[in-house]
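The values are calculated or read from the model by the stated rules, or taken from the named source; none is laboratory data. The structure displayed is predicted, hence computed values, not measured ones. A quick note on method: Cβ atoms are made from the backbone with ideal geometry, for glycine too, and the neighbour counts reach across all protein chains shown.
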């Protein structure tokens, strides 16, 4: 299945935030959206999640336009992790995780839950109050909840998308890497991942595709090698950036 | 949960018993009449009103994602009182058919509550997120406006009407008779059942409105349902026993402290504890200065207001 953005624009008042973006995200592939602050990355993700409606253009999940899909159907086709993680009352981490499970038997929930807890290294956190956790820990819990939403779909081969908005913003290096590794692992289960990232090295290391945005437009898109060139990046970020291929690590490294 | 329910269930039952023995000492021939016609409906009403206020409070707190939402504080109760008083003053001149008259008061109160809640919601969402401050300030404004309305009606009212209005403002369970009780109890029960069925959705709402939508919750419909059900529940209560403050604020907090914030335990727990507390408050109101009685809202406010201050003090550092 593809998540298709077709000539989409969005503005707040007269200020354009996203301009004429066309792109198709595919399941089985991980795509990073990068770009400077205010480039429209988060807005693009909000348009995809349905939180915002495009001013122009259409977004399709498979062949069906997102706007005509009931919320229940959408929930079966995509999970979203936003930057907001304010929970007013003192819920336990375990209760937050359970909220991600939207359908399916108790037995499958327990299996999926223990798998997610193990993968996201939440063993020590599940019995704690969500509000007592640090920002990074809360993000790990929200990520795990989104994973559970994906796992609660009826069949493992059913297509699904995971949308992540700066999921690693407050995490330490180890958990940052772990989150992206786990995200890559679920790609096998006919899932597509779209992630807004600030760290160019993480984008270089984990993405199949990269979209580089600037002032609401897609400046470049394609495989990391095509998009991550020192010249384009220096231009977009208005600061000197060098990209080299690190032979020992076998991947691109970005220096700024 | 079960243990707590049993304890509360017992105390709910225990109150009429202690009352009964209290009665036997003075006049045991009157015992039956007193129990079935005066104490009985009164205790049943107290239980339902307490439960309904607590459930509405819990649901509104969940919906507004704000622990300070209380039907009394944010003006839902005074809206109900305004509706009821409107019916008292103008009821006769509205030209309603006779059979409808007993229902006119509850209907007026329910409509008043619903109007206030809708206004509150529209106003708060127009300015984005509901912050604690916004909602309390709007509540003050709504209460003041309702006060103006009530004052205006007072000016228009005659002597008899005035007396029944004062009774509404103070809150009392003393007017309970089975006939006036039934319609309100039916409304309150329906509302509570509806709200209990929203408990899972209210849980998901705690992640944030958009986050709940991402999980398939039709947030707009939930908002409408919860607002209407809780306002109708409060309004129905107000129509028989006037404004009773703080039950809707205090009870959900106490339940959250013991059972956790999940609405599937919070709402039934609030119903049981609300009923128990209300019966006790009414008991205190009756026996403090026998044979006279003090308005029950004095008791609930005397307990609730310090609790409210404590809540504010506690939430400061966060």
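Across the stretch A:85-112, what is the number of residues that are in contact with a strand residue (DSSP E or B) (Cβ under 7 Å, 6 or more places away or on another chain) and farther than 14 Å from residue A:128 by Cα?
Counting residues in the stretch A:85-112 that are in contact with a strand residue (DSSP E or B) (Cβ under 7 Å, 6 or more places away or on another chain) and farther than 14 Å from residue A:128 by Cα gives 0.
Of these, B:169, B:188, which one is within 17 Å of residue B:80 (Cα to Cα) and either assigned to a loop (DSSP other than H, G, I, E, B) or modelled with pLDDT of 85 or more (or both)?
Criteria check complete, one pass: B:188.
Just for the stretch B:201-211: of the residues that are in a helix (DSSP H, G or I) and within 9 Å of chain A (Cβ to nearest Cβ), which one is farthest from residue B:264 (Cα to Cα)?
B:210
Hey, among A:133, A:164, which residue is in contact (Cβ under 8 Å) with a residue 40 or more places away in the chain and crowded, with 23+ Cβ neighbours inside 10 Å? Lay out the reasoning, then the answer.
Values: A:133 fails: crowded, with 23+ Cβ neighbours inside 10 Å.
After ruling out the rest, the residue left standing is A:164.
Residue-wise test of (1) surrounded by fewer than 21 Cβ atoms within 10 Å (Cβ to Cβ); (2) in a helix (DSSP H, G or I); (3) at positive phi.
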| position | (1), (2), (3) |
| --- | --- |
| B:221 | yes, yes, no |
| B:232 | no, yes, no |
| B:236 | no, yes, no |
| B:244 | no, no, no |
| B:249 | no, yes, no |
| B:274 | no, yes, no |
| B:285 | no, yes, no |
| B:292 | yes, no, no |
| B:310 | yes, yes, no |
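Looking at this structure, is residue B:279 touching a helix residue (DSSP H, G or I) at 6+ places or on another chain (Cβ under 6 Å), farther than 25 Å from residue A:90 by Cβ and in a helix (DSSP H, G or I)?
On the way: touching a helix residue (DSSP H, G or I) at 6+ places or on another chain (Cβ under 6 Å): yes; farther than 25 Å from residue A:90 by Cβ: yes; in a helix (DSSP H, G or I): yes.
In short, yes.
Somewhere in the stretch A:190-204, is a residue closer than 20 Å to residue A:119 by Cβ and surrounded by fewer than 19 Cβ atoms within 10 Å (Cβ to Cβ)?
yes
Suppose we keep only residues that are within 11 Å of another protein chain (Cβ to nearest Cβ) and under 13 Å from residue B:61 (Cα atoms) within the stretch B:251-272. Which one would you say is surrounded by the most Cβ atoms within 10 Å (Cβ to Cβ)?
Applying the filter and picking the extreme gives B:252.
Would you mention how many residues in the stretch A:92-108 are within 23 Å of residue A:72 (Cβ to Cβ) and within 14 Å of chain B (Cβ to nearest Cβ)? Spell out the reasoning first.
Taking the stretch A:92-108 as the starting set, the residues that turn out to be within 23 Å of residue A:72 (Cβ to Cβ) are A:95-108.
When the remaining residues are screened for being within 14 Å of chain B (Cβ to nearest Cβ), the result is A:95-104.
Count: 10.
Are there any pairs with C-beta distances below 9 angstrom linking a residue in the stretch B:48-76 that is over 22 Å from residue B:272 (Cβ atoms) and within 13 Å of chain A (Cβ to nearest Cβ) to a residue that is assigned to a helix (DSSP H, G or I) and at pLDDT 80 or above, with the two at least 6 apart or on different chains, and if so which?
Within 9 Å, the pairs are B:65/B:205; B:65/B:209; B:66/B:60; B:68/B:61; B:68/B:249.
Mind counting the residues in the stretch A:59-82 that are within 20 Å of the chain's Cα centre (by Cα) and part of a strand (DSSP E or B)?
Final tally of qualifying residues: 7.
Of the numbered conditions (1) assigned to a loop (DSSP other than H, G, I, E, B); (2) modelled with pLDDT under 80; (3) more than 17 Å from residue B:227 (Cβ to Cβ), residue B:74 satisfies every one except a single condition; which is it?
So residue B:74 meets the others, but not (3).
Can you pull out the helices (runs of 4 or more DSSP H) entirely within the stretch A:94-213 that have at least 3 residues that are modelled with pLDDT under 95 and more than 30 Å from residue A:229 (Cβ to Cβ)?
Working: elements: A:106-119, A:135-151, A:173-186, A:200-206.
Correct list: A:106-119, A:135-151.
Any residue at all in the stretch B:105-113 that's closer than 30 Å to residue B:221 by Cβ, at pLDDT below 80 and outside any loop (DSSP other than H, G, I, E, B)?
There is at least one residue in the stretch B:105-113 that is closer than 30 Å to residue B:221 by Cβ, at pLDDT below 80 and outside any loop (DSSP other than H, G, I, E, B).
Restricting attention to the stretch A:220-236, report how many residues are touching a helix residue (DSSP H, G or I) at 6+ places or on another chain (Cβ under 6 Å) and in a strand (DSSP E or B).
1
How many of the residues in the stretch A:236-249 are loosely packed, with under 15 Cβ neighbours inside 10 Å and within 18 Å of residue A:41 (Cα to Cα)?
1
If the requirement is being modelled with pLDDT under 95 and either more than 14 Å from chain B (Cβ to nearest Cβ) or not in a helix (DSSP H, G or I) (or both), which of these qualifies: A:32, A:85?
Working: A:32 fails: modelled with pLDDT under 95.
Being modelled with pLDDT under 95 and either more than 14 Å from chain B (Cβ to nearest Cβ) or not in a helix (DSSP H, G or I) (or both) holds for just one of A:32, A:85, which is A:85.
Could you list, ordered by first residue, the pairs with Cβ atoms under 7 Å in which the first is in the stretch A:59-82 and in contact (Cβ under 8 Å) with a residue 40 or more places away in the chain and within 9 Å of chain B (Cβ to nearest Cβ) and the second is outside any loop (DSSP other than H, G, I, E, B) and surrounded by fewer than 20 Cβ atoms within 10 Å (Cβ to Cβ), at least 6 apart or interchain?
Within 7 Å, the pairs are A:82/B:210.
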